[in-house]
Each structure stands twice: as C-alpha cells, then as structure tokens.
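To keep things clear, I will list the structure first and then write my remarks on it.
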Amino acid sequence: MKFQSMPYLRPDIDGIKEKLKALKERIEKAESASEVVDLYTEVCAVSEEYSTLGSLAYVRHTINTADEFYDAENNFFDEIGPDVADAFQNVNKAMLASPFRAELDAHYGELLLKNTEISVRCFSSEIISMAAEENRLQSDYQKLIASAKVEWEGETIPLPMLGKYKQSADRDIRRKAFLKDAEFFDSHREELDTLYDKLIKLRNKQARTLGYENFIQMGYDRLGRNCYGPGEVAAFRNEIKTHIVPVVSALKEAQKKRIGVPELHLYDNDVMFKEGNVSPKGSSDELLAAAIEMYKEMSPETAEFITFMQENELYDLLSKEGKAPGGYCTEFAAYRAPFIFSNFNGTSGDVDVLTHEAGHAFAYYVAARKGIIPDYLSPTIEACEIHSMSMEFLTAPWHERFFGEDTNKYEYYHAADALNFIPYGCMVDEFQHIMYENENLTPEERNGVWLKLEKKYRPHLKLSDLPFYGRGGGWQRQLHIYLYPLYYIDYCMAQTVAFQFFAESLKDWKTAFKKYLAFVDGAGTKTFEELVKGADMSLPYEAGCLKETAETITNWLSNFDF
C-alpha cells in the first residue's frame, strides 16, 4: 500500500489496554507452553497495529510540523505512550513468570526473554507520568529546531539548507553560514539550556525511582544492550583516543595544507579540497532514479526491495519549510513496510542518506519477510547501524553514477569523513555520561565540559572565532543528546565494523556482500556480539580491533594524491 493511502485513525487506547490485560491474565492461567505461544501471537498483533498508527502519526508530523492535526496526534502518542508501554510490560512480566519458561526458551530462543527481562527492569507504572513529560520535552526540542529558518542572500531558508554553504569552497561563505546557523541557537540559548536541564533531571529521577544509581544503566537497558555495558564503552572510547585521534589529526594536518589554510577552524573541518567538496551530479529526482537503478542491479534481494519502496512511495527526501531536521528510517509494521525520511540539501550527504537509510530499510524489509516475531525483526541499535553504514561502502561500484569524474574525490571524502566522525561520536557519548553523573551542572559548566572534550577528541580544530561554538554550545546542535540519550556511540562502534566490510569489499566485493547479506539475515535473532562474530568480523571493543582498523583505512587513503 502506498504511504499516502495508509489509513490513520487514533487508536482506542482503553480498548488496547483491556485487550492486553485480558491476554496477560490468560497467559498467567495458560496450561501449556503452546497456549502461551498462541496468546503471545495475539499480543504481537496488538503491538503491530498500535506501532503502525504511532509511526504514521510521527512520520506525517515530521514531514510537516505545522500540520495541526498530526501535531496533535504526535502529542497524543507522547502522552499515552508510557501508559500503553506499561500495559505491554504487564504482559512481559507474565511471560517471564510463566512456569513454561524452558519450553518458551526452546521455542523462541533464549534471547527473547533475556531481552524482555532488560525491558521490564527499565520501566514501571511508577514512572508513567515522568515518561510522558520526557516525551513532551523531546517534542518541544524537535518542534523548536524544525521551526528554524534563517535569512540568506535575500531569502528565508530552513536551517538544513545551510549545509551546502557550510561546505563552500569560499572560506568566507562557509564561515558566514556557520555564524548564521549559530544565530538561531544563540537566540534560543536559554530555552535550549532549560530543556536539557529538565531532561537530564527527569531521566535521572526515573532511573532512581526504578532503583538505578542514575540514568546511565537505565539508558543502556532502554537501548536493549544485552552483551556489553558502560565499562566496555569506556574502554572503546579510550582506544579511540589512543588509536584513532592521532590518525585523524594527521589527516587533518594534510587537509589543512591541501585546502591552503593556516589553521583548521570548525568551518574548515568538512572541506577536503581547495576547490570545495564534490556534489552529486543532477537533480534530486535524478539522484533518486540513479539509486533505484543501482539497487536493481546490485542483487536480486536489493532489486525486490527497491521496487517495493518505489511502488509504495515509501520516502520523503526534500528539505522544506516546517519539516523536521535530520534523516531517519522507520517502519509500518502492519504493512511490513519501511519508510525513509531525509532533508536533501545539495551536498554529497544526499547520496549518503540514500545509501545509509536504505541500508536500514533493506534490513527491515528482509527481516519482515522471514516470518519471525516482531521482537526479532531488528537487532540492537549498533547492529542496525552496521546495516546502514556498511551499505554506504558496499554501494561504491555505483558511486560514479552520482559523482561522475569526481568519484575518486567522493570516495576519499567519504572514508576520511567516516574516520573523522568516530572521535566526535565518542565526544558526544562521553559528554552524556558526564551529564547524567553530574545533573546539577550549570549551563556554563556543561559548555565547559564540551570544550574540554573538544580538546581531547578534536585537538586539531579551532573554535575561537565562532562565538556559539567557542563558548562550548555546539553540543546543542546534536539532536541525539536531547532525543536519543546515550545512542550516539552506536554509530562509532558500527563504523568500525562497517570499515571491516569495506576492507573486505576492496579485496572481493562479492564475498563482502555475501557476508553482509548473512549479517542482515540474522535480524534480531542474535546479540550484537553474535552477529559480528558470525560475519567473521572483530568486535569494536576487542583488543587490537581499532589499531588494525585505523591502519587499514589510512593505508587505503594514502593511495590518493589530490
């Protein structure tokens, strides 16, 4: 079914809660494991119907945040979401208490109830009102950022459209674009500080109510991390500081000379070439057409996927007034359909999103046709990001269709930028850990922490002539800090595995893609560690992984001479 034709009707929450309550009671009274399995199938059907309506409301709201109807519906889901989650958690508790646990483990695999245990401990009816308030605050941030418009050369444009000017070959233009971008955040400084202060304290309060020391472990549990914890992540960040930061600093020194600047300022960071970064050739429609043909040629699996996406118009890609920022992939479970959301801005990032979000969408499309329970359709988030980041590299044989004679420059930029991202991602993660451990920091102290981390992870960058960034406010542009707490490190770990798929593809593309398909095919039936090991790759926090990754990518980058 086409996206625009998918019907939306506000769900009957009382009816859903009553149905889940009845199913919970029947699970508790079940006389056999097979009866529990049948009842849980009904629970899954309720979940799919509810989540589909929630996704439709969210997507249509983010496409146009000024749409009053879907703004109200999004607010509705923010409000009732925790209450419905509580009803589902009561079912989960009944499943965990079942006397047929051994038989259920044998039927579903042990991971289902292991994940259920994690889910149950990070939510309860005691925090419903706080969780609803958290949702409202997150929506307030998103609506604020979506409202951002700036005056640029006589016209008013949405904030994401500054992206191409931030990568201009003219240094004055890109500095001006950064300053113009910062004007919005400076003008909303107090509001942004207040929103985050409330979110930090509210999340910590929820965690303490549930028996956690603070939000950190609760945040890990929310993300479903089932095979590693804060200790492994801290060790990973330390390895990044040891093995990746020096490599990135060396690359940045070469970049500084290549683009001819005495010092590398933040507004120089993303510009790899003196004449400016490469942009895709052609209009947005032409890029999409090229992507469709690419996936049709890549494999029978990707051809089937992209045909489904095209026929059902399951994407919204152009930046426009009132549209929420960023890009994402979500799904409409009842239709077994993924959806891609983006904001094209005329930069190479338009191609990145066509491959990145398509990696997510492809993985969901494959899993949704396996006949597995909804709980197993997706692995944990860092594994999901491997789906997307690896796809960015595995599409390399077709990149010439997007960049023509500039393909080599794009390939260099893409790999160097991916390596450059990892220290930044670690900075975002460490910042959040510090915030939840020190909830009473003032706005100025929070900014001070950010500046200290800038020196730790990006010592090669100068911020002093950009007041917003120079005072340490840059973290407020990272929407994950507000909306998806503790998520960002998943990108960093995924990138190290994606680099391994990339290295494999340089030797033998078909073998690499075969491994990728096997990784995707595992869906959510295995842990992150099991999926990575099953693909014959090294874990990001495994000794030696990052040193080897850094060497592999820098050796490949050294083959280019610009």
Across LYS241/LYS274; LYS462/LYS533; LYS21/LYS143; LYS205/LYS533, pairs whose alpha-carbon gap is larger than 30 Å: LYS462/LYS533; LYS21/LYS143; LYS205/LYS533
Portion, in percent, of the accessible area of the range 492-561 that falls on carbon or sulfur, probe 1.4 Å: 46
In the range 265-358, chymotrypsin sites (Phe, Trp or Tyr not before Pro) in a DSSP loop with at most 13 other beta-carbon atoms within 10 Å: none
Alpha-carbon centroids, the range 86-100 and the range 311-374: separation in whole Å: 32
Long-range amide H partners of ALA337 with built H, under 5 Å: PHE332
Whichever aspartates and glutamates have a C-alpha closer than 19 Å to that of LYS281, once near sequence neighbours (fewer than 8 apart) are set aside: GLU293, ASP350, ASP352, GLU392, GLU400, GLU405, ASP406, GLU411
Per residue accessible area in Å² of the range 169-246, where ligands, DNA and RNA are left out and the probe is 1.4 Å: 43
Electrostatic dipole magnitude of the range 130-261 [Cβ: Lys, Arg +1; Asp, Glu -1; Cα centre; debye, to 20]: 480
Protein-only accessible surface order, largest first, of TRP475, TRP556 at 1.4 Å: TRP556, TRP475
Helix-only CD estimate at 222 nm, as mean residue ellipticity for the chain, using -39500 (n - 2.57) per DSSP H run (n ≥ 4): -21000 deg cm²/dmol
Where a label projected 7 Å from the Cα of TRP509 along Cα→Cβ would reach, residues of the range 340-355 with amide N under 20 Å: 351-355
Probe 1.4 Å, protein heavy atoms only - accessible area per residue of the range 2-53 in square angstrom: 58
Contact order relative to length of the chain, as percent, for alpha carbon pairs under 8 angstrom and 6 or more apart: 18
Cleavage-rule hits (GluC sites (Glu not before Pro)) in the range 320-359: DSSP loop, at most 16 neighbouring Cβ within 10 angstrom: GLU321
Dipole of the chain [Lys/Arg +1, Asp/Glu -1 at C-beta], most positive-end residue of LEU104, SER538, VAL351: SER538
Unit charges at the beta carbon, dipole of the range 412-534: most positive-side option, LEU506, GLN476, TYR424: LEU506
Sequence-distant residues sharing a close amide H with LEU318 (under 5 Å, placed H): PHE344
Cβ-placed point charges (K, R +1; D, E -1), dipole of the chain about Cα centre in debye, nearest 20: 1100
Accessible surface of the range 14-103, 1.4 Å probe, proportion on carbon and sulfur as whole %: 51
LYS462, LYS256, reordered so the largest accessible area comes first (probe 1.4 Å): LYS462, LYS256
Whole-percent carbon and sulfur share, accessible surface of the range 270-368, 1.4 Å: 49
Size of electric dipole in the range 200-342: Cβ of Lys, Arg +1 and of Asp, Glu -1, about Cα centre, debye, nearest 20: 940
Separation between Cα centres of the range 175-252 and the range 484-562, rounded to whole Å: 23
Heavy-atom accessible area per residue - the range 440-562, 1.4 Å, Å²: 42
Subset of LYS166/LYS320; LYS114/LYS526; LYS17/LYS201 violating a 21 Å alpha-carbon distance limit: LYS17/LYS201
The range 16-22 - phi-based ³J(HN,Hα) in whole Hz, Karplus 6.51/-1.76/1.60, Gly and Pro as x: 5, 5, 5, 5, 5, 5, 5
Backbone HN-Hα couplings from phi across the range 421-432 [Karplus 6.51/-1.76/1.60, Hz, Gly and Pro as x]: 5, 4, x, 4, x, 5, 4, 4, 5, 5, 4, 5
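The values are calculated or read from the model by the stated rules, or taken from the named source; none is laboratory data. Worth saying up front: this structure is predicted, and the values here are computed from it rather than measured. For neighbour counting, all protein chains shown are included, and Cβ atoms are generated from backbone atoms with ideal geometry for every residue, glycine included. What goes into the accessible areas is simple: the full protein's heavy atoms, side chains included, and nothing from ligands, DNA or RNA. Shrake-Rupley method; radii C 1.70, N 1.55, O 1.52, S 1.80 Å.
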